[in-house]
Each structure stands twice: as C-alpha cells, then as structure tokens.
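See below for the structure under consideration.
The values are calculated or read from the model by the stated rules, or taken from the named source; none is laboratory data. Owing to the predicted nature of the structure, the values given are computational and were not obtained by experimental measurement. Please note: Cβ atoms are built from the backbone with ideal geometry, for glycine as well, and neighbour counts cover all protein chains shown. Only protein heavy atoms, including side chains, enter the accessible area calculation; ligands, DNA and RNA are left aside. Shrake-Rupley method; radii C 1.70, N 1.55, O 1.52, S 1.80 Å.
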Amino acid sequence: MEMTPYQLANNTPLTLSPNFILPEDKRPNLSEVLPSDSIPIIDLNDHDIDDGQGPSPLVSKISQACEEYGFFQIINHEVPRELCQKVLAVVTEFFQLPPEERAQYLTKDHSKQVKVFNYYQKYEGIGKVTMWSETFSHPWHPTENFTHLLPTNPPQYREVFAEYARAIGVLFDRLLSLISRGLGLDKDCLKRRIGEKPGLHTIANYYPACPDPELTMGLPDHNDLGSIAVLLQVEGVTGLQVIKDGKWLTVDPVPDAFVINLADQTQVLSNGKFKSIGHRAVTKKLLPRLSLGMLYTPSEDAVIGPIEDLINEEHFPKYRNYIFKEYMEEFYWQEGKRRRVPIYGYY
Ligand code: OGA
Ligand code: NI
C-alpha cells in the first residue's frame, strides 16, 4: 500500500514504496559525501568594532564566509539554549502526533498561511517522486496575525514558538546588519532593500528514519529563494549537505549553533559577491531528524537588483532589476522542479 506522505512520521514502512524512489542519476551517492570541517563557525562574540581602517574582525569573517560558502554556523548568538531545546521539543512532538491531527493542515495550496505538505520532484518519464520528509510551515511574525491558527496540540506550541520567534527576530536584525557591513554598506541597507513587509516564515522539516537512504532524498538539491535563513538542527543527527566546488559536504550539527544560509535575493542584491549555494537533505537509516528554519524573504513589492553602491566602473551589474513578486511567480510556475529560477538573467 502506498503511504500518504503525512503518515510517514508515525508509520515508517520497512521498504520504500516506488513513489519515493529516485531515478538512479538523482540519488544521493552517500559514499561520496565529505565531512565538512570547512564550513566556517563564527563566534558572534568576536571583536566587532571597526577601527577606521576596515571592517571589524567579526564582519570580515562573516563576509568571507558569505563569499566563499554562502553558509556558516554561528555560536554565542544569545538565543538561550533552553529556548532552542524547547522549540525543537514542541515541533518534534507535533510531528509525532497521530497523522489525523496533522491532516487538518495538509494542503497543496501554497498561499495557505499554516500548512503541512510534502516536497516532490517531477521527472520526465517517471512522474512524481515524493521526498522522504514532511514539512510544517507557518509565519513567525507578526505573531498576532496567525497565532490563533497554530496548533493547540502540543499545548505549549504557541507560547514556546512566540518566545522563539522574538529571539530570532533580534538575531535577524543583527545578522542583516553584519552582512550589510560585510558588503561595505551602511548597517541598515539590506533590511531596507528587503522591504517594509518581509515574508517571515518557518519551515520545519521532519525526516523520519528511512529504510534505504541511498534510494531517496529528504529534500532535493535546491537554493533558497528568499534572502536569508536561520536553521536550527537537532544535535547528533546529520543530514544537511551543501555543494562546494562540485562536491557535497555535510554540515555537522554543532552544539548550540545556528546554521545561516544566504538565499538567492542576497546573491542578487550583493551583485554576486555573496553566494546562494545549493544544498539538500539526506535521510538516515536509524534516526529521524528535525530541522527548524526561520526564513526572511523580501516584500513582494521589493525591487531586487544589485545595490547601486556596489556598482561602479570595475563592477558592472550582473543581474537586472525585478519585482520580487515576479520571481515568486516564476518559482511556482516551475512546480515540481525545485529549481533554479533563471529569471534574473546575467547580462
Ligand atoms: C530548506 C532546507 C535544510 C534542512 O528547508 O530549505 O534547506 O536541513 N532545509 O532541513
Ligand atoms: Ni533550503
């Protein structure tokens, strides 16, 4: 019997049904993945005063990570450990509820604020292949607009989540300003360009233990489409991988760290100086894995294009300007091909 995706978390089958099996050339090839001691781990307590000669040591490290990897981890970020553990616990509990409880959120309508869904890919000649994961998505700010739509089971979900969202809001402001300074811009520049009404969404991905991680994928190779993401992973379970120079690297969960990844719009705003890097999530045979991503996406009406101060005689614009909404439309149009949107043509 074919398992409906949202039954996965509670009812892991012993063998993969065909709808989860990827064509051979799309499989993860796990034996070729390298451990990554190379993704920078940045201590936010590092010295952060510009000395008039150039950026502070902290800003330099961040901008180097953004240029080389588009990914880094941060420690000493001031979000309390207990709060991170509490939020991972309530989200895990949500995924472990009986599937009927989560079914109320199940939808294919991407405009729904609060939703449970599954990623899939479409392949020529094969059709849909379902990914080995379940995703729960909802906004994280402004809380008064959606808290009433969040789960009441587990009972602490709303309260714990609201506290976590407040802390992450503060962290985002700090990160955006560090990244702006890393581009040599004033600290408010990126936030201003992302617009007045950013899309602030949570993406919780649950990857049940999988009978055969070589045949399927938790999340296919993709780039994030917004501007920046703060990801919390459970300790001790790997799964996230990023591509660097054509090789997949594992992003090891570091205790008390967040993974920060830049998304497409930051690459465009920085005129290609900072990178949005391809990444994917693979599954594990014995352990389920949870990741909790907090996303920061431009306003629909934001004009995205290389920031003018970065353009001069030596640095021509690499991208054209576009309204972010157009980009999103292109993204949804490419349904099932989680994708690289070619809308921002290079000149
Ligand atoms: C994502 C993502 C990584 C993970 O949701 O876009 O890349 O480890 N998640 O779940
Ligand atoms: Ni992603």
Sort out for me the strands (runs of 3 or more DSSP E) sitting completely within region 90-134 that have 1 or more residues that are without any contact (Cβ under 8 Å) to a residue 24 or more places away in the chain. 115-117, 127-130
Given the conditions (1) within 23 Å of Q96 (Cα to Cα); (2) more than 14 Å from ligand 2 (Cβ to nearest atom), report the number of the one that V268 does not fulfil. (1)
Checking R181 against (1) surrounded by 19 or more Cβ atoms within 10 Å (Cβ to Cβ); (2) within 16 Å of ligand 1 (Cβ to nearest atom), the condition it does not meet: (2)
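Yes or no, residue by residue, for (1) open to solvent by less than 80 Å² (accessible area, probe 1.4 Å); (2) over 25 Å from R280 (Cβ atoms):
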| position | (1), (2) |
| --- | --- |
| K86 | no, yes |
| L97 | yes, yes |
| E101 | yes, yes |
| Q104 | no, yes |
| K108 | no, no |
| V129 | yes, no |
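Of everything in region 209-229, what is away from ligand 2 (no atom under 13 Å from the Cβ) and open to solvent by 10 Å² or more (accessible area, probe 1.4 Å)? Give them in sequence order.
Step one: filter region 209-229 for residues away from ligand 2 (no atom under 13 Å from the Cβ), giving 209-216.
Result: A209, P211, D212, P213, E214, L215.
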What are the residue pairs meeting all of these: first residue in region 189-201, first residue in a loop (DSSP other than H, G, I, E, B), second residue open to solvent by 50 Å² or more (accessible area, probe 1.4 Å), Cβ atoms under 7 Å, and 6 or more apart or on different chains? G195/D301
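Please verify whether I75 is more than 16 Å from ligand 1 (Cβ to nearest atom) and either open to solvent by 40 Å² or more (accessible area, probe 1.4 Å) or of a type in the set (F, W, Y) (or both), treating the condition exactly as stated. Talk me through it step by step, then tell me what you get.
Numbers: more than 16 Å from ligand 1 (Cβ to nearest atom): yes; either open to solvent by 40 Å² or more (accessible area, probe 1.4 Å) or of a type in the set (F, W, Y) (or both): yes.
In short, yes.
Might you check whether a residue that is acidic (D, E), open to solvent by less than 10 Å² (accessible area, probe 1.4 Å) and over 16 Å from P28 (Cα atoms) occurs anywhere in region 254-265?
First pass over region 254-265, keeping only residues acidic (D, E): 256, 264.
Checking the rest, the ones that are also open to solvent by less than 10 Å² (accessible area, probe 1.4 Å) come to 264.
Remaining after also requiring over 16 Å from P28 (Cα atoms): 264.
Taking every residue of region 254-265 in turn, at least one turns out to be acidic (D, E), open to solvent by less than 10 Å² (accessible area, probe 1.4 Å) and over 16 Å from P28 (Cα atoms).
Suppose we keep only residues that are of a type in the set (A, V, I, L, M) and in contact with a Leu (Cβ under 7 Å, 6 or more places away or on another chain) within region 203-230. Which one would you say is farthest from ligand 1 (Cβ to nearest atom)? Give the derivation first.
The initial filter retains those residues of region 203-230 that are of a type in the set (A, V, I, L, M), namely 203-204, 209, 215, 217, 219, 225, 228-230.
Those still in the list that are in contact with a Leu (Cβ under 7 Å, 6 or more places away or on another chain) too: 203-204, 209, 215, 217, 228-230.
On the way: I203: 5, A204: 9, A209: 15, L215: 19, M217: 11, I228: 12, A229: 7, V230: 11 Å.
Ranking the qualifying residues of region 203-230, first place goes to L215.
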Could you list, in sequence order, the residues of region 244-257 that are within 12 Å of ligand 1 (Cβ to nearest atom) and of a type in the set (A, V, I, L, M, F, W, C)? V251
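Scan region 267-285 residue by residue and report those that are small (G, A, S) and outside any strand (DSSP E or B). Spell out the reasoning first.
Here is the first cut: in region 267-285, the ones small (G, A, S) are 270, 272, 276, 278, 281.
The answer is S270, G272, S276, G278.
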Count of region 272-305 residues which are open to solvent by 50 Å² or more (accessible area, probe 1.4 Å), in contact with a Cys (Cβ under 8 Å, 6 or more places away or on another chain) and either within 16 Å of ligand 1 (Cβ to nearest atom) or among the small types (G, A, S) (or both): 2
Going through region 149-188 in order, the residues found to be part of a loop (DSSP other than H, G, I, E, B) and closer than 30 Å to R102 by Cα are L150, P151, T152, N153, P154, P155, Q156
For K197, are the conditions met, namely being open to solvent by 20 Å² or more (accessible area, probe 1.4 Å) and either under 23 Å from L150 (Cβ atoms) or within 13 Å of ligand 2 (Cβ to nearest atom) (or both)? yes
